[in-house]
Every structure is written in structure tokens, then in C-alpha cells.
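Here is the structure we will look at.
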Amino acid sequence: MELEQVTRLTRSVDGFLLAASRQPDDKLAELAAARPVVLINRRVPNIGSVVLEPWEGSRQIVAHLASLGHTRIVYLAGPPSSWMATSRWAALRDAAAELGVSAVRSGPYTPTVSSGGAAADAAIGTGATAIVAHNDLLAIGVLRRLADRSVRVPADVSVVGFDDIFAADLCTPSLTTLGGAHSDVGRAAVEILLESFDHPRNQLPTPQIVLPSQLVLRASTGSAPEPRRRNIATVHGG
């Protein structure tokens, strides 16, 4: 659908802002050769882009969970064609290795609330005490499923999302999430695109801007649960 719409609009617009594009690098390079293009939350060599960085932010997530005593986390992955999904998992995996935390990956899942049920069930099966979802919508779906299964958040398991959407502060419990200044991302992308209109192609360096992310702590993360003790009775025959 994305490629269809871009192809249809190519003759009638001066340039494109593509947010979280799922197109292969070569398709985006073809488009950029025909019209000015700026990517949002996606990076491709020689194409202007603006992203909220996932690397230090993902380290903040793992460090936060480790400080609460979590030693095993599961990442609920987004679409395999998503550059951001791949980047987030790589950053979480590397941060976990650095901080001595076990990290496993589950999925991919469609990044929607309705996909949270299956994702939550899979996450529980891993034995992890902390769940990091690809985005806030998936995380909210996870929270709903955990509530249905009487799994307490954060007493039994902690949940973290990405993006800090408006609903993250309204769900129950409110969602710890990695966000950033999304308005700054949009503004920077528009400025790059407008600047490209005023200069012949290849006369300007290709700007690839990385803006800082920020971990927003809310009620969905807490101390890791104590390991469950097993009571064993010994019975002697007479």
C-alpha cells in the first residue's frame, strides 16, 4: 500500500516525508533519485533522515530493569521489515549483554493492541520477569491480556513500551516507555526537505539527524518478584 501511494503521488508532489517506511533500501533509493525524500525513524545511506535514537534509550531500559532486580527480559518484536524493530532489538540485546541481563526475543508481532494477547501469552511462557514491547500499542495489549490472566503488573511482571504515545499515561497501570520529542523529529524532517528544494541535487551533504530519546518511568515497572519457594512434604510409610 505504501509503495502504491508513493507511486501514484510521484507526479503531483515535490517531495516525500516517509515515516517508518517498510520499503527495501533499493526502492527508497529509486524514489530518492526521482523526488526529494526525507525518512522519519528509518535510515538508508545517502538519504536524509531523522530518527529518535534507540541505542542509549534501550540501554536506559535495561539499566532501569536491572536496577529493579530483573535478570531476564523478553523483547516482543515488531514487523521483520521494520528498521526500528531491528534496531531496538539489537540495542536491547547489546545492553543486556553489557549489564549481565538475559534477553530473549519473541515474535514478530503486528504492532497493535489486538496483537498483545498472543504476545503476552508467549512472553509468560519464557519465564521472563520483564517484558519490553516493540511499541506502546503492543504493550497496552499485553497489559490487557495480563489483567485477564490475573497476572499482576508490576508485582508479577514489569512491562515497558516504546514511543510514549498519549495513551501510555492513561492505561492501567500507566506504561513505562521510551519516548522523545516527536514534534522535533517532524520539524527537523520538514526543514531538511524544504532545504533540498532550494538546492540542486547532490550539492548538499545528506543530513542524517539523530535526536535523543528519554525513558519515562510510570507504574508498569517495579521490583522483580521473589523466586517462588516450593514446599515439599516427606511422608514415611509405617
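FYI, it's all coordinate maths here, none of it is from the lab. Values in this document were obtained by computation on a predicted structure and should not be read as measured data. When we count neighbours, we look across all protein chains shown, and the Cβ atoms used for this are built from the backbone with ideal geometry, even at glycine.
Would you compute, from DSSP H runs of 4+ residues alone, the mean residue ellipticity of the chain at 222 nm, taking -39500 (n - 2.57) per run and dividing by the full residue count, rounded to the nearest 500?
After summing the helix terms and dividing by residue count, I get -11500 deg cm²/dmol.
Over the alpha carbons of the chain, what is the largest minus smallest coordinate on each principal axis, giving the biggest first in Å?
95, 31, 31
Hey, what did the range 55-179 get for relative contact order, percent, Cα under 8 Å, at least 6 apart?
24 percent
Calculate, for Ser102 and Thr10, the FRET efficiency according to 1/(1 + (r/R0)^6) with r their C-beta to C-beta distance and R0 45 Å; round to the nearest 0.05.
Computed FRET efficiency for Ser102 and Thr10: 0.45.
So what's the net charge close to Tyr75: Lys and Arg +1, Asp and Glu -1, counting the other residues with Cβ under 9 Å from its Cβ?
Taking every other residue near Tyr75 into account, the sum is +3.
Given the options Leu138, Leu68, Leu215, which has the most mean-square fluctuation in a GNM of the chain, springs set between C-alpha atoms less than 10 angstrom apart?
Leu68
Just want the ordering: Met1, Met84, from fewest to most Cβ atoms lying within 10 Å of their own Cβ.
Met1, Met84
Looking at the chain, what % of its DSSP beta bridges pair antiparallel, to the nearest 5?
15 percent
Would you order Leu99, Leu170, Leu65, Leu137 from fewest to most other beta-carbon atoms within 10 Å of each residue's own beta-carbon?
Ascending Cβ contact count within 10 Å gives the list Leu170, Leu99, Leu137, Leu65.
Using only the alpha carbons, work out the radius of gyration and Dmax of the range 55-179 in angstrom.
12.7, 35
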